[in-house]
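Before any comments, here is the structure.
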Amino acid sequence: MLRRQLERALERAQELGASYADIRIVERRRSAVSLKNGAVERLANESERGFGIRVLVDGGWGYVGSAEITAEEIERMTERAIAIGRASARVQRKKVELAPVESFEDTYRGPLERDPEDVPLEEKLAFLGDITKALRSQPEIRVATAGLTMLKQDKIFASTEGSYIEQSHCESGAHLNALASDGHTTQWRSFDDTWQAGYEFIERLNLIERSRALASEAVQLLKAPPCPVGVTDLIMGSNQLALQIHESCGHPIELDRVLGQEASYAGTSFLTIDKRGTFRYGSPEVNLVAESLTPGGLGTFGYDDEGVPAQRTQVVEKGIFKNYLMSRETAPLFGLTSNGTVRAESWMNVPMIRMNNISLEPGDWTLDEIIKDTKRGVFVETPKSWSLDDKRLNFHFAQEIAYEIVDGSLGRMLKNPAYHDLTPHFWNACDAVAGKDEWHLWGMPSCAKGEPVQIAHVAHGAAPARFRGVKVGVDA
Amino acid sequence: MIGRDRALAIAQDALTIARQRGADQAEAVVSGSDFSLTRFAESVIHQNLSRREAQLAVRVVFGKRVGSAATGALTTDSIRRTVEEAVQMARFQADNPDFVSLPGPQAIPEVETFVEATASYTPEERARDVAMIVERAAREGFTAFGSHTTRVDELAVANSLGIAAYNAATSGYLRTVIAGPDGTGYADYYDRDVRNISAGAVADEAVERAARAQHPTRLEPGAYETIFLPYAVADIIRFPGYIAWNAQAVQEGRSFMVGKFGQQVVGANISIWDDGLDLRGLAMPFDVEGVPKRRVDIIKNGVAMGVVYDSYSAQREGKTSTGHAYANRWGRGAAPANMVMAGGDTSVQEMIASTERGLLVTRFHYTHCPDPLRVVMTGTTRDGTFLIENGKISRPVFNLRIEASVLDLFSNVEALSRETKLSRDWWDTFVPVVPAIKVRNVHFSSGTEF
């Protein structure tokens with residue numbers, strides 16, 4: 001019945017002149033439960049369901065989304081999408097053409113062992129109660145927050161090219177924050193991670209043990225000396241490096257950005273099309289991949305929102321920039337087909353190029369070996385703030401915590417660390433990457449892009465790494 | 001659109017079900033959005049969308065336990081299921097000793113926020129406006145990028161204590177980046193009435209700025225006397241706005257305002273308040289709890305005066321809400337959504353003329369706050385950064401990274417423009433009404449290569 005409705009919408013779009021159309025029905029159920037200082041801060045369920053139809057008519061795009069899934073509304077919205085596409089065609093230089101893709105009839109199910117919807121709320125609250133108790137294990141902790149999140153999504157994609165794909169997955173996440181105050185100043189430590197998994201992911205995170213450590217570090221930071229301003233060797237923990245990859249690799253390789261489609265909001269990219277295949281992005285230690293295949297990754301799926309199958313793309317190989325994230329619309333620029341990286345946040349959003357799992361491949365060091373090999377430097381971990389210019393060249397990152405490194409050993413804890421550089425200079429200064437035992441795929445359900453802004457759920461794998469001669473410290 | 005009668009009827013249905021389920025108090029918020037946006041890049045339209053969404057959010061109260069749930073479907077079944085979920089959520093809670101009550105009803109002021117011309121603006125009309133910008137850019141050999149949004153947002157709030165408030169608000173927002181061969185310029189305009197948005201004027205401003213911005217050269221980072229246009233000031237003010245000027249931040253010791261009320265915290269020429277009824281801004285008569293918006297003086301002549309409250313944070317201090325509750329995908333709380341910064345007695349041209357050597361900054365990109373307690377902001381300039389020498393703009397320069405405490409910036413303001421502008425910050429946190437400002441000794445820590 002539903003399939004027939006979708007096919008009818010696609011037929012209607014073609015009757016009205018669309019050269020291509022696709023339609024998605026998306027249902028999302030989210031829940032969030034969090035405790036602050038032992039009291040419930042948030043306890044909420046949200047659900048949404050709707051459809052979005054995308055048409056290409058006269059070479060211009062039209063998109064309409066609605067939460068009312070009825071035959072009449074789908075027909076009405078299809079007609080509206082056609083009108084919008086025709087308006088787009090009024091300001092065009094050439095018609096949009098799409099790279100070919102096979103048609104698929106398939107199903108994808110994400111990994112799920114213990115369904116979080118089956119976990120009693122009492123159990124979650126009791127667990128969070130224990131966590132916040134651990135977070136408040138130090139008297140200086142003024143605010144202790146712990147939360148669990150869950151997202152379940154079911155999606156159907158159908159296109160005029162004959163694809164009909166059903167996908168569903170579940171995400172589970174945890175966040176912790178311990179804010180310490182001595183009455184004059186504040187410091188905090190936090191932990192965040194989300195995976196495409198069930199509640200089993202939460203159970204394996206050792207959250208109580210982590211909470212005690214975070215509380216202790218937050219309190220110690222109050223008395224720690226500030227990270228000095230200067231140029232030094234920087235060793236980055238995998239959590240901080242995951243964000244560095246996100247901001248200075250993941251975004252600049254989005255081909256729609258490169259082509260100016262985000263110019264007025266999220267910005268463009270220094271990785272202009274002439275750089276593909278030749279530009280030295282980083283040192284030979286730097287190998288970056290984009291893929292949608294790793295179980296558990298927030299960027300993992302069966303097919304993207306253009307019906308292109310999940311795949312793996314080498315982005316940077318031994319420091320040389322090789323490839324972008326591409327859509328069916330943009331890949332023909334290089335005579336290629338899409339590498340399957342188009343997603344929309346929900347039914348109400350236009351599908352666009354988004355990161356999947358963008359990761360730095362592991363090297364052959366250990367973190368211990370890197371530290372022992374460093375005469376003077378700073379080890380930093382956990383993002384606190386991040387800022388990049390609109391071509392993703394100049395960046396500034398601040399972290400929650402740092403340790404000085406003196407003669408191959410970790411020294412004093414340092415507060416308010418930060419570093420800044422230019423992207424290619426920074427990645428070319430990378431001379432050591434830890435191996436797979438210290439590599440972790442971090443879930444990041446918070447990537448903002450597009451107008452109206454869409455939040456994508458992406459992941460980044462990284463192991464600790466060293467960067468020589470980086471400017472550190474907050475210079476304000 | 002959902003419409004007043006249907007929105008309030010849905011809310012009342014939810015309250016009835018909550019009462020039947022034994023809730024002591026309940027609140028139902030029905031929101032709807034008819035949103036249309038046309039995006040353009042390289043002088044062609046590349047995205048064009050229209051969407052209609054609605055949500056019912058329910059809070060139920062049992063003693064000092066509060067449960068909430070939300071749905072995107074407004075059917076009878078969905079309303080009942082959502083209230084049931086909220087009831088279940090409340091049952092599992094421990095008592096929250098700080099929770100006192102949902103707010104009671106107060107008179108809601110009349111504010112005109114709906115303009116039919118904006119609500120009925122068509123894709124063809126947006127395309128016509130975009131074409132005007134594209135053509136204006138082409139006359140200079142430039143290309144145009146940007147977006148054109150028209151929307152209707154509805155909000156209905158009802159609670160079991162008698163609140164029943166509804167508002168429909170329209171807005172239009174046209175923004176463009178104009179790119180030449182080596183430099184970009186920016187302009188935008190925001191208004192509840194799309195007829196007040198002149199695509200020609202926006203294009204003229206951005207094209208003129210882009211023409212001046214061609215072929216920038218490197219400028220050493222350092223301290224500069226700097227003129228910030230309102231686009232940039234919106235990004236400066238957003239940091240204290242969301243970090244420091246809400247009651248929760250003060251109560252948790254995260255705000256620089258802690259212990260400073262009544263004291264001089266920035267220059268005496270700085271006055272900032274929040275006023276949801278000021279028609280220069282995106283006026284809104286009440287908040288998401290149905291509490292009327294009150295004007296709140298935040299900084300008056302440089303002195304820390306107050307912060308904004310929702311009902312929960314107000315009751316923790318035995319106060320009443322100022323009508324600043326918000327709820328979005330990031331959570332709930334209070335926020336100064338309608339900030340106004342007082343202007344001064346000069347103009348941007350006069351500021352430039354009185355500057356021996358300094359910078360003119362159009363706007364910022366991707367700003368963030370590495371040190372919230374000191375309200376340190378960092379971010380890079382974009383779309384028109386110029387060196388001023390001997391009272392004139394002498395040349396465009398590469399973009400620079402600012403690293404400065406907003407408190408220091410607001411302590412060193414030499415001049416403010418008479419004219420103020422409704423300006424959205426980069427992240428769309430707030431849309432305040434702000435002047436241009438000229439600031440002494442602004443620290444730029446590094447530069448870009450464009």
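The values are calculated or read from the model by the stated rules, or taken from the named source; none is laboratory data. Note that the coordinates shown come from a computational prediction; the quantities given were computed from them, not determined experimentally. We place every Cβ from the backbone using ideal geometry, glycine too, and count neighbours over all the protein chains shown.
Checking the conditions here, which among B:G276, B:G281 is surrounded by fewer than 24 Cβ atoms within 10 Å (Cβ to Cβ), in contact (Cβ under 8 Å) with a residue 60 or more places away in the chain and at negative phi?
Values: B:G276 fails: surrounded by fewer than 24 Cβ atoms within 10 Å (Cβ to Cβ).
Among B:G276, B:G281, only B:G281 is surrounded by fewer than 24 Cβ atoms within 10 Å (Cβ to Cβ), in contact (Cβ under 8 Å) with a residue 60 or more places away in the chain and at negative phi.
Restricting attention to the stretch B:255-268, report how many residues are farther than 22 Å from B:T320 by Cβ and in contact with a Phe, Trp or Tyr (Cβ under 9 Å, 6 or more places away or on another chain). Before the answer, list the steps.
Kept after step one, since they are farther than 22 Å from B:T320 by Cβ, are these residues of the stretch B:255-268: B:256, B:259-260, B:263-268.
Filter once more, so that each one left must be in contact with a Phe, Trp or Tyr (Cβ under 9 Å, 6 or more places away or on another chain): B:265-267.
Here the count works out to 3.
If the requirement is being surrounded by 23 or more Cβ atoms within 10 Å (Cβ to Cβ) and polar (S, T, N, Q), which of these qualifies: B:N196, B:N269, B:N246?
Numbers: B:N196 fails: surrounded by 23 or more Cβ atoms within 10 Å (Cβ to Cβ); B:N269 fails: surrounded by 23 or more Cβ atoms within 10 Å (Cβ to Cβ).
That would be B:N246, the only listed residue that is surrounded by 23 or more Cβ atoms within 10 Å (Cβ to Cβ) and polar (S, T, N, Q).
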Looking only at helices (runs of 4 or more DSSP H) that lie completely in the stretch B:28-145, which have at least 1 residues being closer than 27 Å to B:R6 by Cβ and away from every other protein chain (no Cβ under 12 Å)? B:76-91, B:116-119
Sort through A:W427, A:W386, A:W442 and tell me the only one that's part of a helix (DSSP H, G or I), among the aromatic types (F, W, Y) and in contact (Cβ under 8 Å) with a residue 12 or more places away in the chain. A:W427
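Any idea how many residues of the stretch A:347-369 are of a type outside the set (V, I, T), assigned to a strand (DSSP E or B) and crowded, with 23+ Cβ neighbours inside 10 Å? Working first, answer last.
First, the residues of the stretch A:347-369 that are of a type outside the set (V, I, T): A:347-349, A:351-352, A:354-357, A:359-365, A:367-369.
Next cut, assigned to a strand (DSSP E or B) only: A:352, A:357, A:359-360, A:365.
Remaining after also requiring crowded, with 23+ Cβ neighbours inside 10 Å: A:352, A:357, A:359-360.
Selection size over the stretch A:347-369: 4.
Here are A:A290, A:A310, A:A344: which of them is crowded, with 22+ Cβ neighbours inside 10 Å and either more than 14 Å from every other protein chain (Cβ to nearest Cβ) or basic (K, R) (or both)? If you could, list the steps in order and put the result at the bottom.
Working: A:A310 fails: crowded, with 22+ Cβ neighbours inside 10 Å; A:A344 fails: either more than 14 Å from every other protein chain (Cβ to nearest Cβ) or basic (K, R) (or both).
Just a single option satisfies the conditions, and that option is A:A290.
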Being under 24 Å from A:G299 (Cβ atoms), in the same structural domain as A:I358 (by TED's automatic domain parsing) and surrounded by fewer than 24 Cβ atoms within 10 Å (Cβ to Cβ) narrows it down to one residue among A:I253, A:I273; which is it? A:I273
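In the list B:A210, B:A187, which residue meets the criterion of being buried (at least 23 other Cβ atoms within 10 Å of the Cβ) and without any contact (Cβ under 8 Å) to a residue 40 or more places away in the chain? It would help to see each step written out before you state the result.
On the way: B:A210 fails: without any contact (Cβ under 8 Å) to a residue 40 or more places away in the chain.
Being buried (at least 23 other Cβ atoms within 10 Å of the Cβ) and without any contact (Cβ under 8 Å) to a residue 40 or more places away in the chain holds for just one of B:A210, B:A187, which is B:A187.
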I'm trying to understand the selection: among the residues of the stretch B:6-27, which are in contact with a strand residue (DSSP E or B) (Cβ under 6 Å, 6 or more places away or on another chain), acidic (D, E) and away from chain A (no Cβ under 14 Å)? B:D24
Could you look through the stretch A:159-193, keep only residues that are modelled with pLDDT of 95 or more and outside any strand (DSSP E or B), and pick out the one that is nearest to A:R29 (Cα to Cα)? A:S163
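Every residue, every condition in (1) more than 15 Å from B:E225 (Cα to Cα); (2) among the hydrophobic types (A, V, I, L, M, F, W, C); (3) assigned to a strand (DSSP E or B), yes or no:
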| site | (1), (2), (3) |
| --- | --- |
| B:R363 | yes, no, yes |
| B:P370 | yes, no, yes |
| B:T380 | yes, no, yes |
| B:T385 | no, no, yes |
| B:R395 | yes, no, yes |
| B:A404 | no, yes, yes |
| B:L407 | yes, yes, no |
| B:A415 | no, yes, yes |
| B:D428 | yes, no, no |
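Give the residues of the stretch B:368-399 that are within 14 Å of another protein chain (Cβ to nearest Cβ) and among the small types (G, A, S), sorted by residue number. Show your work before the answer.
Let us first name the residues in the stretch B:368-399 that are within 14 Å of another protein chain (Cβ to nearest Cβ), namely B:368-385, B:397-399.
B:G379, B:G384 - these are the residues of the stretch B:368-399 that are within 14 Å of another protein chain (Cβ to nearest Cβ) and among the small types (G, A, S).
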Pairs, first away from chain B (no Cβ under 13 Å) and farther than 18 Å from A:L128 by Cβ in the stretch A:178-198, second at pLDDT 95 or above and assigned to a loop (DSSP other than H, G, I, E, B), C-beta under 6 Å, six or more apart: A:W195/A:G296; A:Q196/A:G110; A:Q196/A:G296; A:Q196/A:L298; A:Q196/A:T300; A:A197/A:P111; A:A197/A:G296
Qualifying residue in the stretch B:335-349 (condition: at pLDDT below 95, assigned by TED's automatic domain parsing to the domain that holds B:S445 and either small (G, A, S) or on the phi > 0 side of the Ramachandran plot (or both)): no
Elements of type helices (runs of 4 or more DSSP H) contained in the stretch B:157-251, each with 2 or more residues being of a type in the set (F, W, Y) and in the same structural domain as B:G290 (by TED's automatic domain parsing): B:230-243
A:V143 part of a strand (DSSP E or B) and either basic (K, R) or farther than 30 Å from A:V26 by Cβ (or both): yes
Taking the stretch A:443-476 as the region of interest, how many residues are of a type in the set (A, V, I, L, M, F, W, C), within 11 Å of chain B (Cβ to nearest Cβ) and farther than 30 Å from A:I370 by Cβ? 3
Quick check on the stretch A:60-70. Is at least one of its residues touching a residue at least 24 places away in the same chain (Cβ under 8 Å) and assigned to a helix (DSSP H, G or I)? no
Do the conditions hold for A:G129, that is, is it out of contact with any Phe, Trp or Tyr (no Cβ under 8 Å at 6 or more places or on another chain) and either crowded, with 23+ Cβ neighbours inside 10 Å or at positive phi (or both)? no
From the list A:R54, A:R12, A:R76, A:R4, which one is basic (K, R) and either touching a Cys at 6+ places or on another chain (Cβ under 6 Å) or assigned to a strand (DSSP E or B) (or both)? A:R54
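Across the stretch A:295-323, what is the number of residues that are polar (S, T, N, Q), in a loop (DSSP other than H, G, I, E, B) and more than 17 Å from A:A456 (Cα to Cα)? Spell out how you get there, then give the answer.
To start, the set of residues in the stretch A:295-323 that are polar (S, T, N, Q) comprises A:300, A:311, A:313-314, A:323.
Narrowing the set further to residues that are in a loop (DSSP other than H, G, I, E, B) leaves A:300, A:311, A:323.
Going one step further and asking which of them are more than 17 Å from A:A456 (Cα to Cα), we end up with A:311, A:323.
Here the count works out to 2.
Could you grab me the full set of residues in the stretch A:405-424 that are closer than 17 Å to A:V229 by Cβ and either touching a residue at least 60 places away in the same chain (Cβ under 8 Å) or not assigned by TED's automatic domain parsing to the domain that holds A:G260 (or both)?
Result: A:I405, A:R412, A:L414, A:K415, A:N416, A:P417, A:A418, A:Y419.
Would you confirm whether or not the stretch A:117-138 contains a residue that is under 24 Å from A:A462 (Cα atoms) and of a type in the set (A, V, I, L, M, F, W, C)? Spell out the reasoning first.
First pass over the stretch A:117-138, keeping only residues under 24 Å from A:A462 (Cα atoms): none.
Taking every residue of the stretch A:117-138 in turn, none turns out to be under 24 Å from A:A462 (Cα atoms) and of a type in the set (A, V, I, L, M, F, W, C).
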Pick from B:R238, B:R332: which is buried (at least 18 other Cβ atoms within 10 Å of the Cβ), of a type in the set (K, R) and out of contact with any Phe, Trp or Tyr (no Cβ under 6 Å at 6 or more places or on another chain)? B:R332
How many residues does the stretch A:42-62 contain that are more than 8 Å from chain B (Cβ to nearest Cβ) and either aromatic (F, W, Y) or within 28 Å of the chain's Cα centre (by Cα) (or both)? 4
Against the conditions (1) outside any loop (DSSP other than H, G, I, E, B); (2) more than 14 Å from chain B (Cβ to nearest Cβ), where does A:L333 fall short? Just the number, please. (2)
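Counting only residues that are of a type in the set (V, I, T), in contact with an Asp or Glu (Cβ under 7 Å, 6 or more places away or on another chain) and within 30 Å of A:A32 (Cβ to Cβ), which one in the stretch A:188-237 is surrounded by the fewest Cβ atoms within 10 Å (Cβ to Cβ)? Outline the logic, then answer.
So the first thing to find is which residues in the stretch A:188-237 are of a type in the set (V, I, T), and the list is A:194, A:202, A:208, A:219, A:229, A:231-232, A:235.
Those still in the list that are in contact with an Asp or Glu (Cβ under 7 Å, 6 or more places away or on another chain) too: A:194, A:208, A:219, A:229.
Still in the running and within 30 Å of A:A32 (Cβ to Cβ): A:194, A:208, A:219.
On the way: A:T194: 24, A:I208: 16, A:V219: 20.
Within the stretch A:188-237, the match that is surrounded by the fewest Cβ atoms within 10 Å (Cβ to Cβ) is A:I208.
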